[in-house]
Amino acid sequence: MALTGAVILLAALAGACTGRLSPTEPGPATATLEPGSTIAPPSPTAPATFEQTASEVPEPTPAVLIAVGDIASCDSEGDEATAALVEGREGIVATLGDSVYSSGTPEEFAECFDPSWGRFKDRIRPAVGNHEYYTPGAAGYYEYFGAAAGDPTQGYYSYDHGSWHVVVLNSICWEVGGCTEEDPQAQWLQADLRSHPALCTLAYWHYPRYSSGQHGYSDLVSAYWRILAEAGAEVVLTGHDHDYERFVPLDAEGVEDLEFGLRQFVVGTGGFSHYPFPDSAPPNSQVRDATTFGVLVLNLYEDRYEWEFLPVAGGGFSDAGSGDCHP
């Protein structure tokens, strides 16, 4: 009797909650309890769980710059070997001067440079070297590269590559108005940097500001170095000495500055010849080699960069590392 009363009470409560159903309205399914049956308590419901996985962040794609100078000659096969390193590799190609020996004539560009490196012509952004000016006005150089080489009366220009601002200078500066901070090229450089306030800036030209190679330091480009250092630029690429050399970051006066200094590379390893180092390495020279042809590949990210010196087949030297852009 007690159980029957409980069932009646539950039914009454259900009716109060659901509303009274007419005989013709379908109602919820019900189960009839037999005398002596018991009602099992409901099982506790476990809270819903969701497996959360950290979304994979794709690796950022860098802008690639492939750099080398002192490249081709009809008397050397080194340029064919370095061209093989560029083949199949994406990126802008920065030639760092003395693209062809010995005088940069139109004939030398056509017969000695074009057969090996001409296949990259549409992505070369060149810098002019001293050997190009052995032909008056570097006429062969400007004729071969055309608009990519800039105004033939200047030979300096800039472009953006990814998030980086890239400046190309003419270190044969006496040919284009002088080499001091008051002369046209330095004035243009200052204005260009003001109008392109990028977090990351790279510059390249032919004569190295610092070098322990055969030609050594060049004071001719000291004004450009100082302007770039004071503007917070990150990297300078040069050629001229036929070797590879990487320096510690240096400030405007050439003093080591690991936090805000400019890192310079000499990459005169394009294939023409090697120059032995005349003396031991100075304290600010980190790595150097005068035995291996190769190219320098830079991966330029939004706030940092990576470098790798790729040797030609059979070459015994390599170098790699990374750096951050200055805040």
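Rule-based calculations on the coordinates, nothing more; no lab input. It should be emphasised that the depicted structure is a prediction, and the values quoted were computed from it without experimental measurement. Because the Cβ atoms are built from the backbone with ideal geometry, glycine has one as well, and the counts that use them run over all protein chains shown.
Results, tabulated for the structure shown:
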{"quantity": "Top-ranked residue in segment 272-322 [being among the hydroxyl-bearing types (Ser, Thr, Tyr) and crowded, with 18+ Cβ neighbours inside 10 Å; ranked as farthest from residue 213 (Cα to Cα)]", "calculated": "301"}
{"quantity": "Residue in segment 128-140 that is buried (at least 24 other Cβ atoms within 10 Å of the Cβ), of a type in the set (S, T, N, Q) and at negative phi present", "calculated": "no"}
{"quantity": "Condition met for residue 238 (closer than 30 Å to residue 81 by Cβ, crowded, with 24+ Cβ neighbours inside 10 Å, touching a Pro at 6+ places or on another chain (Cβ under 6 Å) and not hydrophobic (A, V, I, L, M, F, W, C))", "calculated": "yes"}
{"quantity": "Residue 314 being assigned to a loop (DSSP other than H, G, I, E, B) and at positive phi", "calculated": "yes"}
{"quantity": "Residue within segment 129-149 that is without any contact (Cβ under 8 Å) to a residue 40 or more places away in the chain, assigned to a helix (DSSP H, G or I), farther than 24 Å from residue 298 by Cβ and charged (D, E, K, R) present", "calculated": "yes"}
{"quantity": "Residues of segment 200-235 classified as in contact with a helix residue (DSSP H, G or I) (Cβ under 7 Å, 6 or more places away or on another chain) and not hydroxyl-bearing (Ser, Thr, Tyr), total", "calculated": "7"}
{"quantity": "Residue tally, condition in a helix (DSSP H, G or I) and either touching a residue at least 60 places away in the same chain (Cβ under 8 Å) or surrounded by fewer than 14 Cβ atoms within 10 Å (Cβ to Cβ) (or both), over segment 87-114", "calculated": "3"}
{"quantity": "Looking only at segment 150-189, and only at residues there that are outside any helix (DSSP H, G or I) and of a type in the set (S, T, N, Q), the one that is nearest to residue 227 (Cα to Cα)", "calculated": "180"}
{"quantity": "Residue, surrounded by the fewest Cβ atoms within 10 Å (Cβ to Cβ), within segment 176-218, restricted to residues that are hydroxyl-bearing (Ser, Thr, Tyr) and closer than 25 Å to residue 274 by Cβ", "calculated": "217"}
{"quantity": "Segment 219-235, subset in contact with a Cys (Cβ under 9 Å, 6 or more places away or on another chain) and among the hydrophobic types (A, V, I, L, M, F, W, C), residue surrounded by the fewest Cβ atoms within 10 Å (Cβ to Cβ)", "calculated": "220"}
{"quantity": "Set 117, 164: member being touching a residue at least 60 places away in the same chain (Cβ under 8 Å), buried (at least 17 other Cβ atoms within 10 Å of the Cβ) and of a type outside the set (A, V, I, L, M)", "calculated": "164"}
